[in-house]
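Right, one structure below, let's go through it.
The values are calculated or read from the model by the stated rules, or taken from the named source; none is laboratory data. Treat the numbers as computed from the prediction; the structure is a model and nothing was measured. Counting neighbours? That spans all protein chains shown, and the Cβs are built from the backbone with ideal geometry, glycine included. Side chains are part of the model used for accessible areas, which takes the heavy atoms of the whole protein and leaves out ligands, DNA and RNA. Shrake-Rupley method; radii C 1.70, N 1.55, O 1.52, S 1.80 Å.
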Amino acid sequence: MVGGPIAGVDPVAILAGRMGDTALVLGHRISEWCGLAPALEEDIALANTALDLIGQAKLWLDLAGAREGLGRDADGLAYLRDAWDFRNLLLVERPNGDFGDTILRQALFDGWHVQLLAGLRDSRDEQVAAIAAKASKEAAYHWQRSRETVIALGDGTEESHARMQAALVRAWPFVGEMFESDETDAALSSAGIAPAPATLSTSVMGAFEEMLAEATLRAPEVSRWQTGGRSGRMHTEHLGHMLSTMQWLQRAYPGCDW
Amino acid sequence: MSDEWPLWEVFVRGRHGLSHRHVGSLHAPDAETAIRNGRDVYTRRNEGVSIWVVEARHISATAPGDKGPLFEPSEDKVYRHPSFYDIPDDVGQM
C-alpha cells in the first residue's frame, strides 16, 4: 500500500506516493480554474502549471505503483483510491478560494517543492533522482511566477493587500506539515534517498520570510500546525469532494479508455 | 491610471540564429510579468528559445492611409530585386 510505513514495503513507494498525491491533488485543484481565472494570461498560466503537476504526478505514481508491487499504475492509484489512502499535504487539498488564496497556496507549495526537488535530485535512487531532475525545471518556473505574483498583490493596492493577508492567515497553519518526519522519512534519509523533511525547514522558511517581507505580509502565529495528510492520519473534508469530481468517470465506467 | 493592464507586443525567437518574430500581444502589469505571460501564452508548444516584449504604446507605426505614397512607388522597380544577376555556382545557397 502507498502511504503509512508498513514493514516490508519499499520506502520509495511511500515517498513516490506522497510526492505523486501532492502533485496530483494540487494539479487537479488548479485545473479547476480553467476558463475562470481573472485574466486570459493567468488562465493559461494556471492551466500550464496544472498540466506540469499532473505530468509529475504520473511519473511519481507510476514509480510508487512499480515499487509497491501490487500491479497498480498511476491511473489505478489516482482514480481508484479513496480519500483515506491519499498521502498529499493538507495544504494542497484546500479549496481554491479567491485568486489570492490560490496563488498564495501555490507559492507556499512551490517554495517548498523547489527545495525538496533539489535534494531529491541527489537521491541514491536513480529513478527518484531522474523524476526530480525533470520536475525541478518546471518547479523553478512555478516558484518564480507564484512568488512574484504574491509580492505584486501583497505590495499592491489596499484591497489586494488585504485579500493576500487574509489568504495567508488561512493557509499558513498548513505549512508545518512540510517539515514533519516519520519513520519512513528517517529510513529514506539514512539511505540517502531523500532529505529529511525537517532539514528543509531553514531554507524554505527563509525563502517564505523573504517573499512575505517583500509582499508586506505578516505570517500569523501558529500554536499547532495542521497535519495528517502525508501521514494518512486525517484529511480535510474537502478532499473527498474533490476526488468525487476527479474520479467519477472511472468509478461510473470502470476501465473506460479513449 | 487605468485599471486595465497595458498591452504588450510579444516577439519570440524560434531557434538560435533566427530573428525574433512578432507572435501576438497580451496584457500584463509590467515587463517581467509580460515576459512570463508571453512564455505561458506563446511558447507552450516548444516554439521558442527567447522572448522579447515591448509595450504596444512604444511602437510607432505607419498609417494605413499612407500606404500609397510609402509603398506603391516600389511596385514598378523590379530592377531592385537581385534577380537579374548570374550567381556563380561557388556562392552556393543564397
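Couple of notes before you dig in:
- The one condition in (1) over 20 Å from A:Val114 (Cβ atoms); (2) within 14 Å of another protein chain (Cβ to nearest Cβ) that A:Asp75 fails to fulfil: (2)
- Within the range A:49-62, tally of residues that are surrounded by fewer than 24 Cβ atoms within 10 Å (Cβ to Cβ) and either of a type in the set (A, V, I, L, M, F, W, C) or more than 18 Å from the chain's Cα centre (by Cα) (or both): 4
- The C-beta contact set for the range A:189-214 (first residue free of Cβ contacts under 8 Å to residues at least 12 places away in the same chain, second residue surrounded by 13 or more Cβ atoms within 10 Å (Cβ to Cβ), distance under 6 angstrom, 6+ apart or interchain) comprises A:Ser189/A:Ala196.
- Residues in the range A:110-121 that are touching a residue at least 60 places away in the same chain (Cβ under 8 Å) and of a type outside the set (S, T, N, Q) were compared, and the one that is farthest from A:Met205 (Cα to Cα) is A:Leu120.
- Within the range B:17-34, considering residues that are part of a strand (DSSP E or B) and open to solvent by less than 60 Å² (accessible area, probe 1.4 Å), the one nearest to the other protein chains (Cβ to nearest Cβ): B:Leu26
- Flag for A:Pro95 being modelled with pLDDT under 95 and surrounded by fewer than 21 Cβ atoms within 10 Å (Cβ to Cβ): no
- So A:Val150, is it within 14 Å of another protein chain (Cβ to nearest Cβ), modelled with pLDDT of 95 or more and crowded, with 19+ Cβ neighbours inside 10 Å: yes
- Residue count, the range A:38-60 (criterion: more than 11 Å from chain B (Cβ to nearest Cβ), of a type in the set (A, V, I, L, M, F, W, C) and within 30 Å of A:Asp98 (Cβ to Cβ)): 5
- Output for the range A:23-37, where each listed residue is open to solvent by 40 Å² or more (accessible area, probe 1.4 Å) and either farther than 14 Å from A:Val92 by Cβ or within 11 Å of another protein chain (Cβ to nearest Cβ) (or both): A:Cys34, A:Gly35, A:Leu36
- Top-ranked residue of the range B:40-72 - restricted to ones that are among the basic types (Lys, Arg) and within 14 Å of another protein chain (Cβ to nearest Cβ), ranked as nearest to B:Ala28 (Cα to Cα): B:Arg44
- Taking the criterion of being touching a residue at least 24 places away in the same chain (Cβ under 8 Å) and either loosely packed, with under 13 Cβ neighbours inside 10 Å or part of a helix (DSSP H, G or I) (or both), the residues of the range B:50-81 that qualify are B:Ala56, B:Arg57, B:Ile59.
- Close pairs from the range A:140-161: first farther than 15 Å from B:Asp30 by Cβ, partner surrounded by 15 or more Cβ atoms within 10 Å (Cβ to Cβ) and among the aromatic types (Phe, Trp, Tyr), Cβ under 6 Å, at least 6 apart: none
For (1) over 24 Å from A:Gly228 (Cα atoms); (2) among the small types (Gly, Ala, Ser), each residue gets a yes or a no:
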| residue | (1), (2) |
| --- | --- |
| A:Ala16 | no, yes |
| A:Ala37 | yes, yes |
| A:Glu42 | yes, no |
| A:Ile54 | no, no |
| A:Ala57 | no, yes |
| A:Ala74 | no, yes |
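- Test: residue in the range B:5-16 that is out of contact with any Ser or Thr (no Cβ under 8 Å at 6 or more places or on another chain), at the interface with chain A (Cβ under 10 Å from one of its Cβ atoms) and modelled with pLDDT under 95: yes
- Per-region count, the range A:30-83, residues in a helix (DSSP H, G or I), touching a Leu at 6+ places or on another chain (Cβ under 6 Å) and at pLDDT below 95: 1
- Evaluating A:Val9 against the criteria (1) closer than 30 Å to B:Pro29 by Cβ; (2) away from chain B (no Cβ under 14 Å) leaves one unmet condition, (1).
- Members of the range B:40-49 found to be assigned to a loop (DSSP other than H, G, I, E, B) and open to solvent by less than 90 Å² (accessible area, probe 1.4 Å), listed by number: B:Thr43, B:Glu47, B:Gly48, B:Val49
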